[in-house]
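Report on the structure given below.
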Amino acid sequence: MLTISTTNSNMYGPPVDLSFKDISHITGALAEVPRIGLRPLNTNSEGKYLSRCLRVSNNSIPDVTGLQLVLTHFLAQPSMIGWLDLSFNKIRCINPVLCELRELRVLYLHGNSIWNLSEVDKLTELQYLHTITLHGNAIENNINYRRHVISALPRLKTMDFSAVTREERVLANVYCCKRGKNTNESLQ
């Protein structure tokens, strides 16, 4: 029993850091060795990292197709990933593979090339997602940007490193209802 709790506590170790590796495709991460941080990365008997965090920021990745392969390669429990940093890449669309990460709580997508605000709607399946960053994408220029994201992801506590307030949540609900009505009217 003690072994299980020790293993679980190790799962919350430092992130597997593949940032600044000049990776141009997500599967290019497979050929890389993670950066060494202040806290050491622990591995299991198979050499996989006991972490729930992956950082692949500051690369040139346009798409995350193949992400599951990367997670399986590096993480002891890939299905338990809770924190993913894909910031400062060239991602244009939110790939459905991100919605398969059912335990994801924190997702950094800032500094990418996402231009369609409705891309955020794809993330509604992530029931534990409470923190997201999207600033530095073209969608940030939409007047309803913050309202739309909060409406689409009602469990958010933090967006773009700023707390989601009760007032913003109320306004997002009004926006959501108004948007739904306008959509229904346009369909008739």
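Roughly how many whole Å is it from the C-alpha centroid of the range 35-65 to that of the range 77-116?
Result: 14 Å between the Cα centres.
Principal axis lengths of the range 37-188 from Cα atoms, whole Å, largest first?
58, 30, 28
Heavy-atom accessible area per residue, the chain, 1.4 Å probe: how many Å²?
Normalised by residue count, the accessible surface of the chain is 54 Å².
Among the helices of the chain (complete DSSP H runs), which have Cα atoms covering no less than 27 Å along the helix axis and a Kyte-Doolittle mean of at least 0.5?
none
List the lysines whose Cα lies under 19 Å from the Cα of LYS48, skipping any in the same chain that are fewer than 8 positions away.
none
Mind putting a number on the dipole of the chain about its Cα centre? Charges go on the C-beta only, +1 for Lys and Arg and -1 for Asp and Glu, and I need it in Debye to the nearest 20.
That gives a dipole near 420 debye.
Based on the mean of other Cβ atoms within 10 Å per residue, sort peptides 131-139, 39-47, 63-71 so the most packed one is first.
131-139, 63-71, 39-47
Leaving out ligands, DNA and RNA, and with a 1.4 Å probe, what % of the accessible surface on the chain is carbon or sulfur?
C and S atoms contribute 55 percent here.
Which residue fluctuates most in the GNM of the chain (Cα springs below 10 Å): THR165, THR124, THR27?
Top of the fluctuation ranking is THR165.
Report for the range 1-156 the percent antiparallel among DSSP-assigned beta bridges with both residues inside it, nearest 5.
10
The values are calculated or read from the model by the stated rules, or taken from the named source; none is laboratory data. The structure displayed is predicted, hence computed values, not measured ones. Note that we place each Cβ from the backbone using ideal geometry, even for glycine, and neighbour counts take in every protein chain shown. Accessible surface areas use protein heavy atoms only, side chains included; no ligands, DNA or RNA. Shrake-Rupley method; radii C 1.70, N 1.55, O 1.52, S 1.80 Å.
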